[in-house]
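Student: I have a structure I would like to understand better, so I am pasting it below and will then ask my questions one at a time.
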Amino acid sequence: MRAADFIVRSLEAHGIKRIYCVPGESYLALLDAIHGSKSIELIVCRHEGGAGFMAAAEAKLTGKPSVVLASRGPGATNASIAIHMAEQDALPVILMLGQVDRQERLRGVFQEIDYTQFFGSLAKGVFEIAEGRKVPELLPRAVHLAQEGVPGPVVLSLPEDMLNDPVEGDPAIVFPLARYGHRSADAADVQALIDQSQRPVVVAGARMRNDAGKTALRQFAEAQHIPVAVTWKNQDVFDNDSPLYAGHLGFGTPQNFRQLLADADLIVAVGTRLGDVATLGYTFPSIPAPAQRLIHVYPDSRPLGRVFKTDLAIAAEPAPLLLELAQTPRVVSSSRESWNNKIQQFMAEFQAFTPRSVSDGVDFGEVIMALTKYAPANCTVTTDAGNMSTWVHRHWKMTTNNMLIGGIVGAMGLGVPAAVAASLVEPERMAICVVGDGGILMNGQEIATAVAYGAKPKIVLSDNGIYGTIRTHQEREYPGRISGTNLSNPDFTAWAKSFGIATHRLAMGSNVEEVVKTFLAEPGAALLHVKSSAQSLSAFGMLKT
């Protein structure tokens, strides 16, 4: 068969259900091969960045590999933003790129890029399949690499003429993943450090996102009586209403919250690399020698003990270890109980919402509180980059029944395509997108994709006329000197109507709860256009306007 047909048959064998793309002339044979597939749906998007974000969202939802196709040159560079996100978020995304004909390689011809150099620092692997006979070897290797250990993106460069090469072999070959785990002595070592601690805190990251990880985290925390803080954009891995919930670690974490955590004497970091955001700028724990003892469990040895002095580093999946430790419930000391009560009291006050008196629009916090009241308990929430997401992280008490999709990489433009993908992957589950007026004009055109494929995202737009995050930094560094952060926006209600979706509008004086209830009750895709306050910019502070 043609290499193109072999690729599609192999993807079917690997369980790929959807391929996201913007069509390009450099992989026409592959499009033709997909046309003959009975199990793969081709989702045609409006921008390669949107297509890549959809693939990343699917990988986050399912924990399985997802595929995005893009054409050479501009298509590849447009898609690179999603590959950056996949690397930062540890998502198994496979990017297949059309490449110029083999006879034209290395001449600098129209749209030619050396993808190995371009994606080398972003992807786990970059392979150019220069001969069709190499497809049976390299394609399963790419899918395996994307999943093994800590997942991440893999890029495949496919010369246009190679796709028509004849290929022999079995397209159903799938490389099994290796099994690995902790040693029998590790649990005892971890338990010993916990038993010596009076004020321990768990810091839980994205590797706890699947059902096994969430269950293990909950059982461990409850058995050991240890509070759990979650890393940025991962607040759905632990019940935010639990008495053991110790908050969400991210940008803008206020000083009193930082001071509370700093009193810990043991950090048990599970399923996180402990990067700069998760550690509050390398202050919790601090570098190079933390004030607390540090246990770090992660299925990749590279971040273990690389930045911090680590008392116990274990290269393994955290869930089995936590489950083993959960089998021996502990009776804790009065000092441990006092520590837990202190965190519980702080979180109760910290998560409480107080409406603000503003004169320039709707307090967006009130909108988020109405969503938490009326949205389905198991909804998926996608957040774009920007201050509007701080209301979600501080006040939306998510549980493990929710799914939160937000880019750890901080890229604008994720929210809408992620919600479209979530609605396609799990049509029975409501997908709610929280996005700002900056982010929605980056990939909001994927509303057209939602309409084309029957996806039903509910898009909540905060329209306050500014690049809010940048304005926050600007006011701190150059107060009163506004430069480059004001926006001139279209009528978003009319814009959304032009796609054929339902629209609702919130302005000052509107009944927020009634409008939100009506919006959520829409049977199809819908936009809630909130003329929000720039004064009430963030869940953590006000802006002087």
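Student: If packing is taken as the mean number of other Cβ atoms within 10 Å per residue, what is the order of 310-322, 285-297, highest first? Please report the intermediate quantities before stating the final value.
Tutor: Working: 310-322: 20.6, 285-297: 18.5.
Going from most to least packed, we get 310-322, 285-297.
Student: What number, rounded to the nearest 500 deg cm²/dmol, is the helix-based mean residue ellipticity at 222 nm of the chain, given -39500 (n - 2.57) per DSSP H run of at least four residues and division by all its residues?
Tutor: Numbers: 19 runs with 195 residues, N = 545.
The per-residue figure over the chain is -10500 deg cm²/dmol.
Student: I would also like to ask the following. What shape does segment 1-105 take by its C-alpha gyration tensor, where a ≥ b ≥ c are the square roots of the eigenvalues and a/c under 1.5 counts as rounded, a/b above b/c as prolate, and the rest as oblate? If you can, show how the numbers build up before the last one.
Tutor: Details: a/c = 1.78, a/b = 1.14, b/c = 1.56.
Oblate.
Student: Further question: Over segment 184-350, what is the percentage of antiparallel beta bridges among all DSSP beta bridges, to the nearest 5?
Tutor: Numbers: 1 of 21 bridges.
In segment 184-350, approximately 5 percent of DSSP beta bridges are antiparallel ones.
Student: Let's test the formula: R0 of 35 Å, r as the Cβ-Cβ distance of residue 77 and residue 101. What FRET efficiency results, to the nearest 0.05? Please report the intermediate quantities before stating the final value.
Tutor: Working: r = 20 Å, r/R0 = 0.57.
Result of the calculation: an efficiency of 0.95.
Student: Would you mind putting 167-173, 430-436, 78-84 in packing order, based on average other-beta-carbon counts within 10 Å, highest first?
Tutor: 430-436, 78-84, 167-173
Student: Still on this model: Quick check: the distance between the Cα centres of segment 170-225 and segment 1-63, to the nearest angstrom?
Tutor: Result: 33 Å between the Cα centres.
Student: Express the C-alpha Rg of segment 364-531 as a ratio against the empirical globular expectation 2.2 N^0.38 Å, rounded to two decimals. Write out the running numbers ahead of the final one.
Tutor: Working: Rg = 15.3 Å, N = 168, 2.2 N^0.38 = 15.4 Å.
Cα-based Rg divided by the globular estimate yields 0.99.
Student: Next up: Lys/Arg Cβ at +1, Asp/Glu Cβ at -1, dipole of the chain taken about the Cα centre: which of 156, 455, 248 is farthest positive-ward?
Tutor: Highest projection toward the positive end goes to 248.
Student: Return an integer: the convex hull volume of the alpha-carbon atoms of segment 249-400, in Å³ per residue. Please report the intermediate quantities before stating the final value.
Tutor: Working: hull volume 24.5 nm³, N = 152.
Dividing the Cα hull volume of segment 249-400 by its residue count gives 161 Å³.
Student: Segment 472-545: percent of C-alpha pairs farther apart than 17 Å?
Tutor: Numbers: 1597 of 2701 pairs.
Counting every Cα pair in segment 472-545, those more than 17 Å apart make up 59 percent.
Student: If you project the alpha carbons of the chain onto their three principal axes, what span does each projection cover, largest first, in Å?
Tutor: So the extents along the principal axes, rounded to whole Å, are 72, 62, 44.
Student: Additional query: So if a site counts as exposed when it's one of the chymotrypsin sites (Phe, Trp or Tyr not before Pro), its DSSP state isn't H, G, I, E or B, and it has at most 14 other Cβ atoms within 10 Å, what's the longest stretch of the chain without one?
Tutor: Values: sites that count: 110, 180.
Excluding the exposed sites themselves, the longest stretch runs over 181-545.
Student: Are any of the pairs 64/517; 64/124; 309/342; 373/456; 233/397; 60/456 more than 22 Å apart by Cα-Cα distance, and if so, which? Each step should come with its number before you reach the end.
Tutor: On the way: 64/517 34 Å; 64/124 16 Å; 309/342 28 Å; 373/456 20 Å; 233/397 13 Å; 60/456 19 Å.
With Cα atoms farther than 22 Å apart: 64/517; 309/342.
Student: Moving on to the next point. Gap in Å between the Cα centre of segment 423-470 and the Cα centre of segment 489-515?
Tutor: Spelled out, the Cα-based centre of one part sits 13 Å from the other.
Student: Shifting gears a bit: Can you give me the C-alpha center-to-center distance between segment 516-541 and segment 283-337, rounded to a whole angstrom?
Tutor: 39 Å
Student: Within segment 370-471, which trypsin sites (Lys or Arg not before Pro) sit in a loop by DSSP and count at most 12 neighbouring Cβ atoms inside 10 Å? Provide the component values of the computation, followed by the final result.
Tutor: Numbers: sites: 373, 394, 397, 429, 458, 471; in loops: 397, 429.
Sites meeting the loop and neighbour criteria: none at all.
Student: Of 204, 135, 100, which is farthest along the charge dipole of the chain in the positive direction, counting Lys and Arg as +1 and Asp and Glu as -1 at C-beta?
Tutor: 204
Where a number appears in this text, it was derived from the coordinates with a stated rule and is not lab data. In this text, all values refer to a predicted model and were calculated from it rather than measured experimentally. Cβ coordinates were reconstructed from backbone atoms using ideal geometry, including for glycine residues, and neighbour counts include every protein chain displayed.
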